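**Student:** The following block contains the structure, expressed as C-alpha cells.
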Amino acid sequence: MFRLSKAAEYSIRGLLQLTIMEGKGPQDIDAISKAQDVPKAYLSKLFQQLAKKGFIKSARGPVGGFVLSKSPLDITVLEVVEAMEGPVFMNVCLIREGYCNRDTTCPVHDVWGEAQKGFLDVLKSCNFSELAKSGKRKAAKEVVVE
C-alpha cells in the first residue's frame, strides 16, 4: 500500500493550522497540537525541520510561537510532502531512466508514469490557502443541523 508517513501527514496538519490562524500572531505549539490532534512532542520535532526548510519561523518569549514564513498561497502540499519524505515515486522504475532495466520494454512502466504525473499534479496544484478555505466550508457544513 502506498502511504504517506506520519511526519508528512502531521506536518501538513500543523501548517494547515498555522494557515487557519494566519494574521493572529505566533501560535503556541500546544494549541496547534490540540487543534490538529497531533502529538505535541512529535509536532515540535517536525516544526524544527519545517523551520530549517523555510516553511515556518519561530518566535521565543511569553508571546512566542510559530508563524508561516511565506504566504499559504505559495506553499503546496507537494512541497511539504517532498520536504518531509524526499521525491515521490509510484514505483522504483520512475526514479530515473535506466534505473530499471525493463523501463523501455515493460508495459506497466507507462501506467506508473501516468499515475505518478497525475498524483504529483494534484499535490502541486493544492496550496494551503485553498486547504484552509476547504476546511472552513466543511466545518460550516458540520454545524448545520437538520
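**Student:** Looking at (1) surrounded by 12 or more Cβ atoms within 10 Å (Cβ to Cβ); (2) assigned to a helix (DSSP H, G or I), which one does Leu73 not meet, given that it meets all the others?
**Tutor:** (1)
**Student:** Right, something else. Confirm whether Gly113 is within 23 Å of the chain's Cα centre (by Cα) and not aliphatic (A, V, I, L, M).
**Tutor:** Judged against the criteria, Gly113 is a match.
**Student:** A further question on this structure: Inside the stretch 60-74, can you point out the residues that are modelled with pLDDT under 95 and of a type in the set (A, V, I, L, M, F, W, C)?
**Tutor:** Val63
**Student:** Shifting gears a bit: Can you confirm whether Met90 is surrounded by 15 or more Cβ atoms within 10 Å (Cβ to Cβ), outside any loop (DSSP other than H, G, I, E, B) and in contact with a helix residue (DSSP H, G or I) (Cβ under 7 Å, 6 or more places away or on another chain)? Step through it out loud before you land on a result.
**Tutor:** Working: surrounded by 15 or more Cβ atoms within 10 Å (Cβ to Cβ): yes; outside any loop (DSSP other than H, G, I, E, B): no; in contact with a helix residue (DSSP H, G or I) (Cβ under 7 Å, 6 or more places away or on another chain): yes.
It is false that Met90 is surrounded by 15 or more Cβ atoms within 10 Å (Cβ to Cβ), outside any loop (DSSP other than H, G, I, E, B) and in contact with a helix residue (DSSP H, G or I) (Cβ under 7 Å, 6 or more places away or on another chain).
**Student:** Of the numbered conditions (1) at pLDDT 95 or above; (2) in a loop (DSSP other than H, G, I, E, B), Arg3 fails exactly one; give the number of that condition.
**Tutor:** Every listed condition holds for Arg3 apart from (1).
Matching residues to (1) assigned to a helix (DSSP H, G or I); (2) surrounded by 14 or more Cβ atoms within 10 Å (Cβ to Cβ); (3) of a type in the set (S, T, N, Q); (4) free of Cβ contacts under 8 Å to residues at least 12 places away in the same chain:
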site	(1), (2), (3), (4)
Gln17	yes, yes, yes, no
Gly25	no, no, no, no
Ala35	yes, yes, no, no
Lys45	yes, no, no, yes
Leu50	yes, yes, no, no
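**Student:** A follow-up question, please. Looking only at the stretch 52-69, which residues are assigned to a loop (DSSP other than H, G, I, E, B) and of a type outside the set (A, V, I, L, M)? Spell out how you get there, then give the answer.
**Tutor:** Going residue by residue through the stretch 52-69, those that are assigned to a loop (DSSP other than H, G, I, E, B) are 53-55, 60-64, 69.
Result: Lys53, Gly54, Phe55, Arg60, Gly61, Pro62, Gly64, Ser69.
**Student:** Return the pairs, sorted by first residue and then second, in which the second residue is of a type in the set (Phe, Trp, Tyr) and assigned to a helix (DSSP H, G or I), the first residue lies in the stretch 71-95 and is farther than 15 Å from Gln17 by Cα, the beta carbons are less than 8 Å apart, and the residues are 6+ apart or on different chains.
**Tutor:** Between residues of the stretch 71-95 that are farther than 15 Å from Gln17 by Cα and residues that are of a type in the set (Phe, Trp, Tyr) and assigned to a helix (DSSP H, G or I), the close pairs are Val88/Phe119; Met90/Trp112; Met90/Phe119; Asn91/Trp112; Cys93/Trp112; Leu94/Trp112.
The values are calculated or read from the model by the stated rules, or taken from the named source; none is laboratory data. Keep in mind it's a predicted model, so treat the numbers as computed, not measured. Don't worry about glycine lacking a Cβ; one is built from the backbone with ideal geometry, like all the others, and counts go over all protein chains shown.
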